[in-house]
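Student: A single structure is presented below for examination.
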Amino acid sequence: MAVDIPSVPLPGGASLPQIGIGVFQVPPDDTANVVRTALEAGCRHIDTAQMYRNEAGVGQGIRDSGLAREDVFVTTKLANDAHGHDNAITALEGSLERLGTEYVDLYLIHWPLPGRGKFLRTWEAFDELQKAGKTRAIGVSNFRPEDLDRLAEHGGPLPEVNQIELHPAFQQRELSEYHRAHGIVTEAWSPLGQGRVLGAAVLADLAGKHGRTPAQIVLAWHLRRGRVVFPKSVHAERIRENLDVADIELDEAELAAIDGLDEGRRLGPDPSTFEG
Ligand code: NAD
């Protein structure tokens, strides 16, 4: 199926499709089927992680789709117990084996775990892995401005991506501004607020006006604000719905109405205190 999904260029030269599918909490035995369904619906970007325990299903789903490996953008993330230089390298080797691929497109540090004080050494390994061609792009997830500052002061490359919790109820404006100023792409995790933000009246109004669903309106808002998203669904109809949003034209007043839903309310853990 042909769907129109824009891509954003990453500093290292890779091209990242702005919409993908996330497979957090997709059971390992269902993952190949969900991934194949998404790829058949036109998706070309899969977001997994070592801690999701379903990388083998992601690899199987890609092979089952018949697509060439280079036509799919695959992200995985370092497990929290694998920080440190050598562990980070070994952990990616494990991912590549489970995925059945020679490289990933993006390797992220899943959490900074600031209390453990290891992410600078981990990042040195990420730099080496990119230079060795094991990952096309490198980035981080759940990093705060002070964590990004520490990476910058340490030298080496800046992350190409920071994947953070971001949805209408939790918009992280200061961190997004930091990303913009430093050329870091913002990936929004839980882009639909795990489905819990979709009942807002503003979204129902805009959905009615545009003849689309509240979920599609939220995803179109992310796209217009320049973010990358990978909503999770295991249902074919919702998977298709979530991919079909690039044509939704929201004007500045409509975008601002969704900006106005920010409650500063996290759904997930706080990276300052989360220790894995
Ligand atoms: P999400 O915002 O994508 O919400 C998913 C839920 O929304 C679904 O379970 C379903 O209930 C509902 N939904 C999906 N499509 C819908 C539709 N069209 N209409 C109505 N309801 C719909 O939340 P998520 O699953 O937490 O996040 C998505 C992805 O983000 C994950 O799969 C994972 O890849 C990533 N993630 C990363 C981190 C991190 O620490 N880096 C943390 C959480 C999630």
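The values are calculated or read from the model by the stated rules, or taken from the named source; none is laboratory data. Just so it is clear, the model here is predicted, and its values are computed rather than measured. In this analysis, Cβ positions are derived from the backbone assuming ideal geometry, glycine residues included, and neighbour counts consider all displayed protein chains. Remember, those area values only see protein heavy atoms, side chains included, never the ligands or the DNA or RNA. Shrake-Rupley method; radii C 1.70, N 1.55, O 1.52, S 1.80 Å.
Student: Taking the options Ala253, Ala236, Ala246, name whichever one is open to solvent by 30 Å² or more (accessible area, probe 1.4 Å) and either more than 14 Å from the ligand (Cβ to nearest atom) or more than 14 Å from Ala38 (Cα to Cα) (or both).
Tutor: Of Ala253, Ala236, Ala246, the one residue that is open to solvent by 30 Å² or more (accessible area, probe 1.4 Å) and either more than 14 Å from the ligand (Cβ to nearest atom) or more than 14 Å from Ala38 (Cα to Cα) (or both) is Ala253.
Student: Identify, by number, the condition in (1) in contact with a Leu (Cβ under 9 Å, 6 or more places away or on another chain); (2) near the ligand (Cβ under 9 Å from one of its atoms); (3) not charged (D, E, K, R) that Ala200 doesn't meet.
Tutor: (2)
Student: For Lys134, work out the one condition from (1) farther than 18 Å from Phe24 by Cα; (2) touching a strand residue (DSSP E or B) at 6+ places or on another chain (Cβ under 9 Å); (3) open to solvent by less than 10 Å² (accessible area, probe 1.4 Å) it doesn't fulfil.
Tutor: (3)
Student: Can you tell me how many residues in the stretch 218-270 are at pLDDT 95 or above and more than 29 Å from Arg44 (Cβ to Cβ)?
Tutor: Qualifying residue count, the stretch 218-270: 12.
Student: Given the condition among the charged types (D, E, K, R), open to solvent by 10 Å² or more (accessible area, probe 1.4 Å), modelled with pLDDT of 95 or more and within 26 Å of Leu255 (Cβ to Cβ), answer yes or no: does some residue in the stretch 138-156 qualify?
Tutor: yes
Student: Looking for whichever is in contact (Cβ under 8 Å) with a residue 60 or more places away in the chain and not in a loop (DSSP other than H, G, I, E, B) here; the options are Val8, Val26. Which one fits?
Tutor: When all the criteria are applied, what remains is Val8.
Student: Step by step: first the residues of the stretch 177-215, then only those that are without any contact (Cβ under 8 Å) to a residue 24 or more places away in the chain and open to solvent by less than 30 Å² (accessible area, probe 1.4 Å), then the one that is farthest from Ile46 (Cα to Cα). Which residue is that?
Tutor: Only one residue fits best here, namely Ala207.
Student: Is it the case, given these coordinates, that Ile5 is surrounded by fewer than 22 Cβ atoms within 10 Å (Cβ to Cβ), touching a Pro at 6+ places or on another chain (Cβ under 6 Å) and among the hydrophobic types (A, V, I, L, M, F, W, C)?
Tutor: It is true that Ile5 is surrounded by fewer than 22 Cβ atoms within 10 Å (Cβ to Cβ), touching a Pro at 6+ places or on another chain (Cβ under 6 Å) and among the hydrophobic types (A, V, I, L, M, F, W, C).
Student: Yes or no: Leu148 within 23 Å of His222 (Cβ to Cβ), in contact with a Phe, Trp or Tyr (Cβ under 8 Å, 6 or more places away or on another chain) and part of a helix (DSSP H, G or I)?
Tutor: The answer is yes for Leu148.
Student: Any residue at all in the stretch 221-228 that is within 11 Å of the ligand (Cβ to nearest atom) and surrounded by fewer than 20 Cβ atoms within 10 Å (Cβ to Cβ)? Please lay out each step first, then the result.
Tutor: Quick first cut of the stretch 221-228, residues within 11 Å of the ligand (Cβ to nearest atom) only: 222, 228.
From what's left, surrounded by fewer than 20 Cβ atoms within 10 Å (Cβ to Cβ): none.
No.
Student: Report yes if Val23 is within 13 Å of the ligand (Cβ to nearest atom), farther than 20 Å from Ser141 by Cβ and either of a type in the set (Gly, Ala, Ser) or open to solvent by less than 50 Å² (accessible area, probe 1.4 Å) (or both), otherwise no.
Tutor: So Val23 does not fit the description; no.
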